[in-house]
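Below is one structure, written out as structure tokens; the observations come after it.
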Amino acid sequence: MIHSPYIRKPASVQSVMLTVLIALIPGIAAYVWQIAAVVLVNLVIATVTALLAEAAMLKVRGRPLAPALSDLSAVVTAWLVVLCFPPILPWWATVLGVLIAIVAVKHLYGGLGQNPFNPAMVAYCAMIIAFPSLMSQWPPAGQLDLQTQLDLVLGGVRELDAITGATALDAIRTGLRAGNTSVDALLTQSAFGQFGGRGWEWLALGYLAGGIYLLVRGIITWHMPTAFIVGLAVISGAFWLTNPAQFASPLFHLASGGAMLAAFFIVTDPVSGAATPHGKLIFAAGIALIAYLIRAFGAFPEGIAFAVLLMNICVPLIDMNTQPPVFGHRGGKAR
Amino acid sequence: MIARLFNFRGGVKPVSHKNESSATPIVKAPLPPRLVIPLRQSIRSTARCLVQPGQRVLKGEHIGEGEGPLGTSVHASTSGTVVEIASFPMAHASGLETPSVVIEPDGEDRWIDHAPLDYRNVSRNAALAYLRNSGIVGMGGAGFPTHVKLGNGSGIDTLVINGAECEPWITCDDRLMRERAAEVLSGATILRELIGARRVLIGIEDNKPEAITAMRAAASGVGDTLEIVPVPTLYPAGGEKQLIRVLTGIEIAQGKLGADFGVQCFNVGTAQAVHRAIHHGEPLLSRIVTLTGNVAHPGNYEVLLGTPVDALLKLAGPKADTDRYIMGGPMMGIDLQSLKVPVVKGTNCVISASPALFPPPPPELPCIRCGACARACPADLQPFELYWFSRAKNFGKTQEYHLFDCIECGCCAFVCPSRIPLVDYYRFAKSEIWARERDLKASDQARDRFEFRNFRQEREKEEKAAKLAAKAAETRAKLADGTSAGAAEAPPPVSDEDPKKALIAAALARAKQQKAAVTPQNTEDLSPETQAEIDEIEARREKLND
């Protein structure tokens, strides 16, 4: 027997995920245009791997295949894995990353909606610990032709030092730690563009555009992107103001690395993130803070992935303590 | 003029489907062959039956006397013969049965003598009693007795009249306001005077411009204590608490009453019924019901209370592919299990549902914690948390997360991209909690009974022992008298204490001996620890016995 309500908004997990995929397209377009067209090949590899892994796990778990495969959540995970991995990774590394995300993080915890950790971020952390040098090979903007890229991804040949350069975050970090130099001096290097990494700035803009689309469509709320961006700007701004020669500006931090991708697509993962309005602010600001500390003082050039996982752990605590007051209990106007 | 409107958080905007039934005037439904009038017409109260089978009744005649503080009278909706008094299913999700009076109409629809009430020249209590005897209850659905809601006539500043009608498909209040605006306003004025309010705010969703116009036209002559206020169309703006919030900014917490905040709310249908009762002397015998959905002739019908739904549906003509019927709106209505159920005072709409209009829910997917439900919830709850806890049967947590603030409006389930029937989970959790509380109460009572039984048995044993001892002492005294002294001069026992005690001590000693003689079973080969424990217990017992 069916109970009320008998009508439903035409909303589905599939449409939510599809909207996220559409929102990723500007960033991907910028990626193809500015960095490496081979990312499209990676996306295909990752998508196929994700769907196969999802199907296999569903089969093993004795769950119906069709609803879970068609909800597109595995595809979103796959794309996010690709977009936070270096584009010139050999194909098997992409496959491995996707398998970690889908098999270990998603299905071993119970499938869609059950994972306490962000799948793409666990994949990134696992891979950068297991393959630190592979995961640090980022191509400089627009210097590799497509054939070279394809050789790197699909072939076995890797003469890496010749073709990869330091990312903007990496250059700043190693440059400053080497001493005898300042941020301004470093920014004149070829890795840097107007605000962040040369070429990578455009990706940041692409992700920003996609993020605004998600906000307009009501898939995400303003809380997390705002708290993340403002949080990162405030903490980096504080250090920058005290010592502009030794710390990069907030604008640089926001335009570099995965900041924009994280602000709109990673931090905002509903499953593993905080869910209350105040909780979302705390969660996203916490990620920004930890990510900055790792960037500025840690062992890795980019700290967002670790920051996300650390804050994932805190989600139950955050949600429990940020329950909004319910109707009639917030001391509303009486008379 | 009120300065501004307030808003409540959340809410949804389903397709309204009002035009299907709102275009045509109200039609008087013909007399059905049988009326089944439930004696339970107001919330939590069943009236005492006043008629017998075979008795002839007139239209408006008392057939049920309201009992208890929430009781209201029940009347015959038309003239005819009482043919049966029995339990019949009523319109309730559970299909519960309720005692009902079955009347076969004689077709004459002949009124009993009735007269209007000059309510300004009688005491307030007399006016409230009159409303109670007229069977006036809230017609928005809950069926709360109006005379109870009118309270003690003080402390209410604002009277809210609810013409929001926020559920899709339903248009009975819309048509009522369009066609009988003056009656609604007259009833509102009576209610205002009885409750002692300073002003009346009539909230109407702005998707009913004709009703707003008609009500404004009628209000122009009434004076400035009464205001027609269009409110934004946003389900559930017609929820009592939500409408009060929109019109006055006051938020009434769960468990609190509007009266605590100086505001009270009545439905437009209730106001009109009050007008008919006071100014025409007519008890509440009929109401307007929207017939819509998958039917040939959607519209609004003035229906006698007790009319079975199947007789009513014939007027609208459900189409062939109709597969079920919803009483009420699509957001909160109930799926009718039987079409024999009668129209009651809270029946506002019957929707014929077809798979095309109301597709069966797609398969449920896991919750992705997207929070759409929390953003839609007008009670500011976290529905997905309540869902997790209900699913896990963690009912303590559901209460911590304010389960009972949920008004079951259905907004959360409406927006859920995983199509989880969220409200079903809350209903389940609520009923489990109620059941547990009942069980707890029952077990408390059982424990009390058991403890009292033990106490009583103990007491009886003591009394018996005392009696026996007394008797034994008497006998012994008699025997002693017989041997030593003469039977005639038996001295009264000096004290019956000592021999009694002696007797008891002797009996106990015998019992102890017996006990010691019996070899305890299964107690060989005891470990020293156990033996020590037993010895200790025995020692304690000895002490007690001594």
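Quick one: which residue in B:395, B:389 is within 27 Å of residue A:114 (Cα to Cα) and more than 24 Å from the chain's Cα centre (by Cα)?
Values: B:395 fails: more than 24 Å from the chain's Cα centre (by Cα).
After applying the criteria, what remains is B:389.
Checked against (1) in contact with a strand residue (DSSP E or B) (Cβ under 7 Å, 6 or more places away or on another chain); (2) at pLDDT below 90; (3) not β-branched (Val, Ile, Thr), residue B:376 passes all but a single condition, namely (2). Candidates B:325, B:301: the one that is within 30 Å of residue A:13 (Cα to Cα), part of a strand (DSSP E or B) and not β-branched (Val, Ile, Thr) is B:325. Within region B:272-279, can one find any residue that is within 23 Å of the chain's Cα centre (by Cα) and either in a loop (DSSP other than H, G, I, E, B) or farther than 30 Å from residue B:403 by Cα (or both)? Yes, region B:272-279 contains at least one residue that is within 23 Å of the chain's Cα centre (by Cα) and either in a loop (DSSP other than H, G, I, E, B) or farther than 30 Å from residue B:403 by Cα (or both). Tell me which residues, restricted to region A:1-46, are part of a loop (DSSP other than H, G, I, E, B), surrounded by 17 or more Cβ atoms within 10 Å (Cβ to Cβ) and away from chain B (no Cβ under 14 Å). The answer is A:35, A:36, A:38.
Scanning region B:359-376 for residues that are closer than 14 Å to residue A:9 by Cβ and either among the hydrophobic types (A, V, I, L, M, F, W, C) or at the interface with another protein chain (Cβ under 8 Å from one of its Cβ atoms) (or both) gives B:361, B:362, B:370, B:372, B:373, B:375, B:376.
Out of B:223, B:269, B:155, report the one residue that is out of contact with any strand residue (DSSP E or B) (no Cβ under 9 Å at 6 or more places or on another chain) and in contact (Cβ under 8 Å) with a residue 60 or more places away in the chain.
Numbers: B:223 fails: in contact (Cβ under 8 Å) with a residue 60 or more places away in the chain; B:269 fails: out of contact with any strand residue (DSSP E or B) (no Cβ under 9 Å at 6 or more places or on another chain).
Every option except B:155 fails the conditions.
Of B:164, B:218, B:197, B:182, all but one fail to be touching a residue at least 12 places away in the same chain (Cβ under 8 Å) and within 14 Å of chain A (Cβ to nearest Cβ); the exception is B:197.
To keep it simple, each residue is scored yes or no on (1) farther than 18 Å from residue B:345 by Cα; (2) in a helix (DSSP H, G or I).
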{"residue": "B:116", "(1), (2)": "yes, no"}
{"residue": "B:128", "(1), (2)": "yes, yes"}
{"residue": "B:131", "(1), (2)": "no, yes"}
{"residue": "B:139", "(1), (2)": "no, no"}
{"residue": "B:160", "(1), (2)": "yes, no"}
{"residue": "B:192", "(1), (2)": "yes, yes"}
{"residue": "B:200", "(1), (2)": "yes, no"}
{"residue": "B:207", "(1), (2)": "yes, no"}
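Inside region A:241-283, residues that are small (Gly, Ala, Ser) and away from chain B (no Cβ under 14 Å) make up a count of 10.
Are any of the residues in region B:42-56 outside any loop (DSSP other than H, G, I, E, B), in the same structural domain as residue B:134 (by TED's automatic domain parsing), hydroxyl-bearing (Ser, Thr, Tyr) and in contact with a Gly (Cβ under 9 Å, 6 or more places away or on another chain)? Full working, then the answer.
Pass one, region B:42-56, residues outside any loop (DSSP other than H, G, I, E, B): B:42, B:45, B:48-49, B:56.
Now restrict to residues that are in the same structural domain as residue B:134 (by TED's automatic domain parsing): B:42, B:45, B:48-49, B:56.
Filter again for hydroxyl-bearing (Ser, Thr, Tyr), leaving B:42, B:45.
Imposing the further condition that a residue be in contact with a Gly (Cβ under 9 Å, 6 or more places away or on another chain) reduces the set to B:42, B:45.
So far as region B:42-56 goes, yes, one or more of its residues are outside any loop (DSSP other than H, G, I, E, B), in the same structural domain as residue B:134 (by TED's automatic domain parsing), hydroxyl-bearing (Ser, Thr, Tyr) and in contact with a Gly (Cβ under 9 Å, 6 or more places away or on another chain).
The rows are residues; the columns are (1) in the same structural domain as residue B:279 (by TED's automatic domain parsing); (2) within 27 Å of the chain's Cα centre (by Cα); (3) on the phi < 0 side of the Ramachandran plot.
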{"residue": "B:62", "(1), (2), (3)": "yes, yes, yes"}
{"residue": "B:65", "(1), (2), (3)": "yes, yes, yes"}
{"residue": "B:72", "(1), (2), (3)": "yes, yes, yes"}
{"residue": "B:78", "(1), (2), (3)": "yes, no, yes"}
{"residue": "B:99", "(1), (2), (3)": "yes, yes, yes"}
{"residue": "B:123", "(1), (2), (3)": "yes, no, yes"}
{"residue": "B:128", "(1), (2), (3)": "yes, yes, yes"}
{"residue": "B:141", "(1), (2), (3)": "yes, yes, no"}
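The listed residues are A:176, A:187, and the only one of them that is among the aliphatic types (A, V, I, L, M), modelled with pLDDT under 70 and farther than 29 Å from residue A:105 by Cβ turns out to be A:187.
Looking at region A:47-63, can you tell me whether even one residue there is without any contact (Cβ under 8 Å) to a residue 40 or more places away in the chain, farther than 20 Å from residue A:107 by Cβ, surrounded by fewer than 20 Cβ atoms within 10 Å (Cβ to Cβ) and over 15 Å from the mean Cα position of the chain (by Cα)? Taking every residue of region A:47-63 in turn, none turns out to be without any contact (Cβ under 8 Å) to a residue 40 or more places away in the chain, farther than 20 Å from residue A:107 by Cβ, surrounded by fewer than 20 Cβ atoms within 10 Å (Cβ to Cβ) and over 15 Å from the mean Cα position of the chain (by Cα). Checked against the criterion of being surrounded by 17 or more Cβ atoms within 10 Å (Cβ to Cβ) and touching a Pro at 6+ places or on another chain (Cβ under 9 Å), region B:383-399 has no qualifying residue. Considering region B:387-423, the residues that are of a type in the set (Phe, Trp, Tyr) and more than 16 Å from residue B:12 (Cα to Cα) include one that is nearest to the other protein chains (Cβ to nearest Cβ), namely B:401.
Yes/no per residue for (1) at pLDDT 90 or above; (2) assigned by TED's automatic domain parsing to the domain that holds residue B:134:
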residue	(1), (2)
B:7	no, no
B:10	yes, no
B:26	yes, yes
B:35	yes, yes
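Tell me which residues, restricted to region B:294-340, are within 14 Å of chain A (Cβ to nearest Cβ) and among the small types (Gly, Ala, Ser).
First, the residues of region B:294-340 that are within 14 Å of chain A (Cβ to nearest Cβ): B:294, B:322-338.
Within region B:294-340, B:328, B:329, B:333, B:338 qualify.
Counting only residues that are assigned to a helix (DSSP H, G or I), free of Cβ contacts under 8 Å to residues at least 60 places away in the same chain and of a type outside the set (A, V, I, L, M), region B:403-421 holds 1 of them. Within region A:115-152, the set of residues being surrounded by fewer than 17 Cβ atoms within 10 Å (Cβ to Cβ) and either part of a loop (DSSP other than H, G, I, E, B) or assigned by TED's automatic domain parsing to the domain that holds residue A:283 (or both) comprises A:116, A:131, A:132, A:133, A:142, A:143, A:145. Checking B:291, B:315 one by one, the residue that is in a strand (DSSP E or B), farther than 23 Å from residue B:115 by Cα and aliphatic (A, V, I, L, M) is B:291 and no other. Filter region A:223-257 down to the residues that are buried (at least 24 other Cβ atoms within 10 Å of the Cβ) and part of a loop (DSSP other than H, G, I, E, B) and list them by number. Selection gives A:248, A:256, A:257.
Residues that are more than 9 Å from every other protein chain (Cβ to nearest Cβ) and under 15 Å from residue B:5 (Cβ atoms) within region B:235-262 comprise B:237, B:238, B:243, B:244, B:246, B:247, listed in sequence order. Scanning region A:294-313 for residues that are part of a helix (DSSP H, G or I) and either touching a residue at least 40 places away in the same chain (Cβ under 8 Å) or within 14 Å of chain B (Cβ to nearest Cβ) (or both) yields A:295, A:296, A:304, A:305, A:306, A:308, A:309, A:312, A:313. Against the definition (modelled with pLDDT under 95, surrounded by 22 or more Cβ atoms within 10 Å (Cβ to Cβ), out of contact with any helix residue (DSSP H, G or I) (no Cβ under 9 Å at 6 or more places or on another chain) and away from chain A (no Cβ under 11 Å)), how does residue B:346 come out, yes or no? Spelling it out, residue B:346 is indeed modelled with pLDDT under 95, surrounded by 22 or more Cβ atoms within 10 Å (Cβ to Cβ), out of contact with any helix residue (DSSP H, G or I) (no Cβ under 9 Å at 6 or more places or on another chain) and away from chain A (no Cβ under 11 Å).
The values are calculated or read from the model by the stated rules, or taken from the named source; none is laboratory data. This is a predicted model, so every value here is computed, not measured. Here Cβ is always computed from backbone atoms with ideal geometry, including for glycine, and neighbour counts include all displayed protein chains.
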